[in-house]
Structures are given as C-alpha cells and as structure tokens.
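The values are calculated or read from the model by the stated rules, or taken from the named source; none is laboratory data. It should be emphasised that the depicted structure is a prediction, and the values quoted were computed from it without experimental measurement. Ligands, DNA and RNA are excluded from the accessible area calculation, which covers all protein heavy atoms including side chains. Shrake-Rupley method; radii C 1.70, N 1.55, O 1.52, S 1.80 Å.
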Amino acid sequence: MDLPGPIHDFLLVFLGSGLILGGLGVVLLTNPIYSAFSLGLVFVCISLLYIPSNSHFVAAAQLLIYVGAINVLIIFAVMFMNGSEYYKDLNLWTVGDGVTSVVCTSIFASLITTILDTSWYGIIWTTRSNQIIEQDLISNSQQIGIHLSTDFFSSI
C-alpha cells in the first residue's frame, strides 16, 4: 500500500498506541471479560499493522484466526467461569504483585538503556539495483541481521 508519509506515520502511531493501551488493559483490568476484550483489541491492531507492509493475506489470516477464533474462545471460557470468585478477595496489592512489578520495571529499564545506548546509525545501507552494499560492519551478527531483515523478512 503506497501511502503518503504523514498518513503512514499517523497509522503506525495510532496502531502502536492501540497495541500499548490494549496490552495495558489486558494486564491491568481486573474483570476478565474486559481483559479479554482488550486482548481482542491487541489482536486487531497487530493484524492491521500488516496492511501497510502489503501483507494483506497475513492480515486477514491473523484477523480470522486470532480475533475470530482464539479471542472468541477465550471470551467464552471466561464467561463460563464463576465470576464471583474474582471479587471475594479485595486485596489490591500482594507481595507477588510487588515482586512482579519490580522485575518488569527492571527489564523495561534495561531495554530502554540498551535501545538508547545502541548506535543505530553505525550501519550504512545503500541499495543499488537490488544489491545491498554493506559498509562499516563491525561483526558478523550485524551482517546476519541485515540479511535476515532484507532477504528473508521483506520481499522488497
């Protein structure tokens, strides 16, 4: 799909924010029905992310399989459960929740520092007549990354 740059950027930001909000809804909502609907939002946003990259079949398959089958199955399973057991315990914060939040926050902080410390412009990619000219490659892992992201991932 050949979209203009600002529309493509807006679409990516909109779907990315839908992914983040849906993921937070899955984790933070206490009602399992609302959590399952948030998971459906995540599945829809993931399937719509394939459309700008011209992978319409993958988007349709993702939408049919995950939203149409898996999420409906999860919602039915949650609806068959006894809902009163979720509201008996009114402890909103337990020791396990604290440990989990500390571990997740430390993983998130380490990922952010890794992303910020990585020199993303150390590799210069130039495409000429469908050949990649690799310059300033330091290690074999960078070459593997280039070949995986170009030759095997995208069909450009």
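For this structure, a couple of remarks:
- Taken per residue, the accessible surface of region 7-77 reaches 61 Å², heavy atoms only and a 1.4 Å probe.
- Binned Cα-Cα distances of region 1-56, short to long, each 10 Å bin given as a whole percent: 26, 43, 23, 8, 0
- Region 140-146 - phi-based ³J(HN,Hα) in whole Hz, Karplus 6.51/-1.76/1.60, Gly and Pro as x: 6, 5, 5, 5, 5, x, 5
- Here region 27-74 is treated as a Stokes sphere of Kirkwood radius computed over C-alpha pairs; at 37 °C and 0.692 mPa s its diffusion coefficient rounds to 297 µm²/s.
- Computed over protein heavy atoms with a 1.4 angstrom probe, the accessible surface ordering of 80, 43, largest first, is 80, 43.
- Solvent-accessible area of residue 55 with every protein chain in place, 1.4 Å probe, in Å² to the nearest 10: 40
- Rg and Dmax over the alpha-carbon atoms of region 1-110 stand at 17.4, 53 Å.
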